[in-house]
Amino acid sequence: MLCNVGGIIQVINYYLTISIIFIMKKVLLFGAVGVFSASIAMAQNKSTVEQAGNNAVIVDQHGVNTSKVKQTSVDGDAANTANVFQIGGGNRSTINTKGDGNSVDVNQMGLNDEDPNTDLGHGNRTNVFQKGDGNSAIVDTDGDLNKATIRQKKDNNTAIIDQGVGWAESNVATIRQIGVNGGAGNDALVEQRYDSNEADVYQKGQGNDAKVLQNTQANSPVIGSYAELSQEGVNNIGVIDQDGAENETLSFTRGDDNMLNIIQEGDGNYSYVEQEGNGNDVLITQTGNNNQGDYYQFGNGAEATLTQTGDDNQSDIWQEDSDVASVSQDGDDYVYGDQIGIGSGNVVNIYQGSGAQETVFYQEGEGNELNINQFGGDGNYVDAEQVGSGSVANIIQEGEWNSSYSVQNVGANNLEVTQMGSSNYSNVTQSGANSAVVTQNSSAILP
């Protein structure tokens, strides 16, 4: 009987011990949860991750930030990866990927990329949406209130947005790319420095390459620049480089193997380029303030080079099929053009020095050549029209108040007009296979 009582006491002690241990463990578990909750409340970071299939995510947050990652693997043959690093306050990152082998890297920071104690970015927004295979997106943001958006469809596209340096603020960058299933993909880079720049890049096709570089100078209280670069087709290359404030570039290319390079240095410069066809090239360089350059190329194999130095220059040229245009201006000049050529195309070379010069030209046919030089002075004016094929016109004016009107109609005409000095006037009209030489000389001397 005593033995039975002793056995009952041992069983009771055993269950009491288990209960005490359970109670202790429960307290410790709640304590751990309490510490975790306190950590969340203190940092106020929020991260949401939703994955299906073969995916990997790393999220590192410091401050008051929000991150959302959603990745869906389709075939599962290659993993999707997402890396998010946020430091500062009010940064937001959204990643949505569907496909296989896609990668996303988002870096939202503050003053620099080295000292985590001083990297305090605030109010930056990043949105990345990818659908397809083998796409890559990288966003690196330094500063405050910057916004980056990347949208990519189909396969093997690469997009990079690099925003800010120092206290960079209020930059906006958007990259949209639509590739081809199993194709070579497209590449796009937007690099923005300092404040208030905006860039929009759109590419559709494969093998296209786009770069937009914007710099408004160091922390100046100015309005940034705007760039829009659109390319549709195969193997097109477009580069826009803006250095200054309130510059604007709009560029639209449709076709294959076209090239575009626009450089703006200064303030208030404007460029508009529209290309449709194959193998067209455009190079625009504007150095100074308030310059405007417009190029329209429709056809194949056209080449355009525009260099504007100084202030308040303007150039508008329209070309078709194998035309070649070269324009160089130095302050307060104006050029208007038109070239319509088939086969060998037309060629125009225009150089205007400084001071209120103006050129209006029109060429139609093929194999026409027009050379216009105006060196300095005020009130110079040229209006040259060539219709037909194989005509050549060379016009040189220097001095003040020069004027020249030249019309050559059917074709194979040759014209030489040279005016030096001031208050000169020339008017020539030729119909076909004619030759004219006009020389008027005053006290001025050609260089």
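A compact table of results
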read-out	value
Estimated distance in nm for a label pair at residue 326 and residue 49, the labels positioned 7 Å out from Cα along Cα-to-Cβ	5.9
Relative contact order %, segment 228-329, counting alpha carbon pairs below 8 Å whose residues are six or more apart	21
Set of aspartates and glutamates with alpha-carbon distance to residue 46 below 12 Å, sequence-local pairs under 8 removed	60
Amide H within-cut-off set for residue 123, under 5 Å, with H built and near neighbours excluded	89, 90, 91, 145
Prolate/oblate/rounded label for segment 269-447 (Cα gyration tensor, a/c 1.5)	oblate
Relative contact order for segment 302-383, counting Cα pairs under 8 Å that sit 6 or more residues apart, in percent	26
Sorted by Cβ neighbour density within 10 Å, fewest at the top, the residues 375, 252	252, 375
Within straight-line cross-link reach of residue 131, lysines at Cα separation under 24 Å, skipping those fewer than 8 residues along the same chain	68, 70, 98, 147, 153, 154, 204, 211
Placed amide H near residue 178: partners under 5 Å, 5+ positions off or other chain	153, 203, 204, 205
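FYI, it's all coordinate maths here, none of it is from the lab. For clarity, every value in this text was computed on a predicted model and none was experimentally measured. Don't worry about glycine lacking a Cβ; one is built from the backbone with ideal geometry, like all the others, and counts go over all protein chains shown.
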